[in-house]
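Step one of this worksheet: look at the structure below.
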Amino acid sequence: CGINPGLWTAAVGHHFARPGNRFWPALHAGGFTPRRLAPHEERELLQWGYGITNLVARTTARADQLEEAEFAKGGKLLATKVRRYRPQVLALLGLGAYRSAFDRPNAAVGPQEEYLGQTQVWVLPNPSGLNAHYSLSAIAALFGALRRQVEGRKRDRRR
């Protein structure tokens, strides 16, 4: 789950489409896809059981242009969506967005104790090129940790 569509993403109609965004490289490096996908190939994720959505629908140049009320409303809508579709895991990409949307001021990156229904919640860094706090390799390592947990849950269910 991304925070909200940026201007470029909205213009081209594909998630994480801005050339400097590190989502697609991190997703591949983390082991979720067999090759690096381009934004226009996002629907290919469905064949592996993955989907993409946003926390807030409004387009902005930067996520810090969103209002607290938008995060709170987005959190409620996302929780409803998650309870409806029941994914195993929700990975929200943006620590500040998660803290605001779910009123969790002390949350940290990684798996959360909170579940939405039966869905485990993970918080990962925002892969935007504007987020200088995390390198691509650090983001990819966190994506890899999430993937290993997801794969472990799949194996456990088959037993």
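The values are calculated or read from the model by the stated rules, or taken from the named source; none is laboratory data. All values reported here derive from a predicted model rather than from experimental measurement. Cβ placement follows ideal geometry from the backbone for every residue including glycine, while neighbour counts extend to all protein chains displayed. The accessibility values were calculated without ligands, DNA or RNA, using every heavy atom of the protein model including side chains. Shrake-Rupley method; radii C 1.70, N 1.55, O 1.52, S 1.80 Å.
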Inset, instruction - Tell me the trypsin sites (Lys or Arg not before Pro) within segment 38-127 that lie in a loop according to DSSP and have at most 15 other beta-carbon atoms within 10 Å. - result: R58, R62
Inset, instruction - Run the quick spin-label model on R36 and R155: label points 7 Å from Cα toward the beta carbon, then report their separation in nm to one decimal. - result: 2.9 nm
Legend entry - Theoretical ellipticity at 222 nm over the chain - DSSP helices of four or more residues, -39500 (n - 2.57) apiece, nearest 500: -12000 deg cm²/dmol
Inset, instruction - Sum up the charges of everything whose Cβ sits under 11 Å from the Cβ of L130, counting Lys and Arg as +1 and Asp and Glu as -1, but leave L130 out. - result: +2
Inset, instruction - Express the carbon and sulfur contribution to the solvent-accessible surface of the chain as a percent, rounded to the nearest whole number, probe 1.4 angstrom. - result: 52 percent
Legend entry - Charged-residue dipole, Cβ positions (Lys, Arg, Asp, Glu), the chain about Cα centre, Debye nearest 20: 680 debye
Legend entry - Heavy-atom accessible area per residue - the chain, 1.4 Å, Å²: 57 Å²
Inset, instruction - Match the structure shown to one of the listed values [x] 1.52; [y] 0.93; [z] 0.99 of Rg/Rh (Cα atoms, Kirkwood Rh), computed from it, and give that label. - result: [y]
Legend entry - Summed residue charge, Cβ within 12 Å of F23's Cβ, Lys/Arg positive, Asp/Glu negative: +2
